[in-house]
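Novice: I have a structure I would like to understand better, so I am pasting it below and will then ask my questions one at a time.
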Amino acid sequence: MSGATASGIRFDQVTVAYDGDVVLDRLDLAVEPGEFMALLGPSGSGKTTALRAVAGFVRPSSGRVYLGDRDVTAMPPHRRGIGMVVQQYALFPHMRVRENVAFGLKARKVAKAEITDRVAEALELVGMAAYADRHPRELSGGQQQRVAIARALAIRPGVLLLDEPLSALDAQLRSGMLAELARLHRELPDVSILYVTHDQVEALTLADRIAVMDRARLQDCDTPQELYRRPRTEFTASFVGNANLLPVTVGTHPGSADFAGQPLTVTPGEAVAGAAATLCVRPHLVGLGPGANALTGTLAEIQWRGSTHRLYVDAAGHRVMADVRELREAPAPGDTVTLHFAPGDAVLLPAVTAGGGPAEVPPVLAATSAGGPHA
């Protein structure tokens with residue numbers, strides 16, 4: 001879609017507070033032109049507030065918001081040239097599809113002939129050209145969402161904001177729309193997309209990078225692959241995919257650690273010998289049977305999941321998950337079983353602070369979060 005406005009988003013120490021209650025705390029983050037960035041986090045983490053600050057619906061208490069090289073912190077929403085899709089789509093029920101898509105263009109006083117062309121282009125892009133004369137009530141939830149996206153794209157924005165756009169869809173429609181959004185990203189290489197979600201599958205499937213939010217702060221930011229394989233914090237490890245998080249003590253030799261008296265070998269990190277740390281290993285990287293880094297315990301529960309079995313094993317007072325290929329002869333709860341994992345599949349993370357909260361975000365995050373989609 002040609003003619004898009006300037007792309008790229010930058011948060012410069014953006015803080016938002018209501019009556020002294022900080023809901024977004026000193027956010028530093030750059031979304032590069034053409035990048036698909038997901039803001040991932042639980043309810044109340046600050047992700048929607050960040051998106052609304054870009055849209056202009058929230059005024060920062062401090063800090064600046066930039067679109068391209070423009071400081072838009074004080075600019076009203078209608079002058080920012082942003083396309084936005086919210087959870088409930090907000091289509092006008094009395095208007096036909098083509099009229100809904102044309103609404104933003106008419107508000108901008110675009111010439112009538114150009115409106116016709118742009119509406120047709122946007123509907124074609126989302127696969128809804130055949131439904132132009134229908135009313136929203138005559139469409140499925142997924143079709144309504146496509147119309148909402150077409151309306152946002154018709155103004156040719158440099159930035160597209162998506163706020164939990166799949167939350168109202170059932171599982172089958174959501175799967176189909178994930179594929180459609182991925183296709184749109186490929187076909188709109190100049191449009192920066194900021195996508196708010198609490199669903200890790202959506203973020204892992206769609207995003208070039210994921211910014212993980214918790215308690216109003218940016219906790220981590222990297223590619224989906226790096227966040228999954230090498231998380232920097234316990235929160236990231238537990239929120240981006242399932243993870244086993246085991247308390248260990250760092251050994252004196254590089255790559256050594258101790259779990260409840262059991263010596264383990266892991267990838268060497270920056271942790272200091274003798275320090276408390278958390279060992280992170282993903283369930284699908286834990287095997288059943290003897291091997292390196294063997295952990296023996298009692299099978300507490302086993303779940304059949306089609307192609308895999310999920311095992312829950314109590315080892316030294318801690319629950320360990322293992323996803324193994326479907327077992328022809330599965331162990332039974334109460335059986336003693338041995339699990340193992342390769343040294344290169346385990347990551348050592350800083351232990352949580354004494355107050356129970358997450359450790360401070362590593363300084364390297366500031367540099368990482370400012371990178372582009374291939375950083």
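The values are calculated or read from the model by the stated rules, or taken from the named source; none is laboratory data. For clarity, every value in this text was computed on a predicted model and none was experimentally measured. Note: ideal-geometry Cβ built from the backbone for every residue, glycine included; neighbour counts use all protein chains shown.
Novice: Please pick out the residue among R310, R325 that is touching a strand residue (DSSP E or B) at 6+ places or on another chain (Cβ under 7 Å), at pLDDT 95 or above, not small (G, A, S) and not assigned by TED's automatic domain parsing to the domain that holds M213.
Specialist: Details: R325 fails: at pLDDT 95 or above.
One residue alone meets the criteria, R310.
Novice: A further question follows. Only one of T236, T223, T197 is more than 30 Å from S61 (Cβ to Cβ) and either among the β-branched types (V, I, T) or in the same structural domain as R282 (by TED's automatic domain parsing) (or both). Can you tell me which?
Specialist: Details: T236 fails: more than 30 Å from S61 (Cβ to Cβ); T197 fails: more than 30 Å from S61 (Cβ to Cβ).
Criteria check complete, one pass: T223.
Novice: If you check V119 against the conditions, is it buried (at least 17 other Cβ atoms within 10 Å of the Cβ) and either under 19 Å from the mean Cα position of the chain (by Cα) or closer than 28 Å to T48 by Cβ (or both)? Step through it out loud before you land on a result.
Specialist: Working: buried (at least 17 other Cβ atoms within 10 Å of the Cβ): yes; either under 19 Å from the mean Cα position of the chain (by Cα) or closer than 28 Å to T48 by Cβ (or both): no.
No.
Novice: Shifting gears a bit: Every residue in segment 284-307 that is surrounded by fewer than 17 Cβ atoms within 10 Å (Cβ to Cβ), part of a loop (DSSP other than H, G, I, E, B) and either in contact with a helix residue (DSSP H, G or I) (Cβ under 9 Å, 6 or more places away or on another chain) or of a type in the set (A, V, I, L, M, F, W, C) (or both), please.
Specialist: Listed by number, the residues that qualify are A292, A294.
Novice: Which ones in segment 279-321 are of a type in the set (A, V, I, L, M) and under 27 Å from P350 (Cβ atoms)?
Specialist: Selection gives L279, V281, L285, V286, A292, A294, L295, V313, A315, A316, V320, M321.
Novice: Moving to a separate point now. Only residues that are closer than 17 Å to F341 by Cα and either more than 32 Å from the chain's Cα centre (by Cα) or aliphatic (A, V, I, L, M) (or both): list them for segment 300-319, please.
Specialist: L311, V313, A315, A316
Novice: A further question on this structure: Looking at Y228 and the list (1) of a type in the set (S, T, Y); (2) in contact with a Gly (Cβ under 8 Å, 6 or more places away or on another chain); (3) surrounded by 24 or more Cβ atoms within 10 Å (Cβ to Cβ), which single condition is not satisfied?
Specialist: Looking at each condition in turn, Y228 falls short on (3).
Novice: Hey, another quick one. Please state which one of V86, V119, V72 is of a type in the set (A, V, I, L, M, F, W, C) and either touching a helix residue (DSSP H, G or I) at 6+ places or on another chain (Cβ under 6 Å) or not assigned by TED's automatic domain parsing to the domain that holds P157 (or both). Quick ask: steps written out before the conclusion?
Specialist: Details: V86 fails: either touching a helix residue (DSSP H, G or I) at 6+ places or on another chain (Cβ under 6 Å) or not assigned by TED's automatic domain parsing to the domain that holds P157 (or both); V72 fails: either touching a helix residue (DSSP H, G or I) at 6+ places or on another chain (Cβ under 6 Å) or not assigned by TED's automatic domain parsing to the domain that holds P157 (or both).
Only one candidate passes the filter, namely V119.
Novice: Now a separate question. Would you check if there is a residue in segment 70-93 being modelled with pLDDT under 95, over 31 Å from the mean Cα position of the chain (by Cα) and surrounded by fewer than 21 Cβ atoms within 10 Å (Cβ to Cβ)?
Specialist: yes
Novice: Could you list, ordered by first residue, the pairs with Cβ atoms under 6 Å in which the first is in segment 248-264 and closer than 12 Å to P343 by Cα and the second is at pLDDT 95 or above and in a loop (DSSP other than H, G, I, E, B), at least 6 apart or interchain?
Specialist: Once the first residue is closer than 12 Å to P343 by Cα and sits in segment 248-264, its partners that are at pLDDT 95 or above and in a loop (DSSP other than H, G, I, E, B) give L264/N293.
Novice: Is at least one residue of segment 41-60 assigned to a strand (DSSP E or B) and either closer than 18 Å to D220 by Cβ or touching a strand residue (DSSP E or B) at 6+ places or on another chain (Cβ under 7 Å) (or both)? Show your work before the answer.
Specialist: The first filter runs over segment 41-60 and keeps only residues assigned to a strand (DSSP E or B), leaving none.
Checked segment 41-60: no residue is assigned to a strand (DSSP E or B) and either closer than 18 Å to D220 by Cβ or touching a strand residue (DSSP E or B) at 6+ places or on another chain (Cβ under 7 Å) (or both).
Novice: Now a separate question. Counting only residues that are over 22 Å from M321 (Cβ atoms), give me the helices (runs of 4 or more DSSP H) lying completely in segment 185-283 with at least 1 of them.
Specialist: Here the list reads 200-206.
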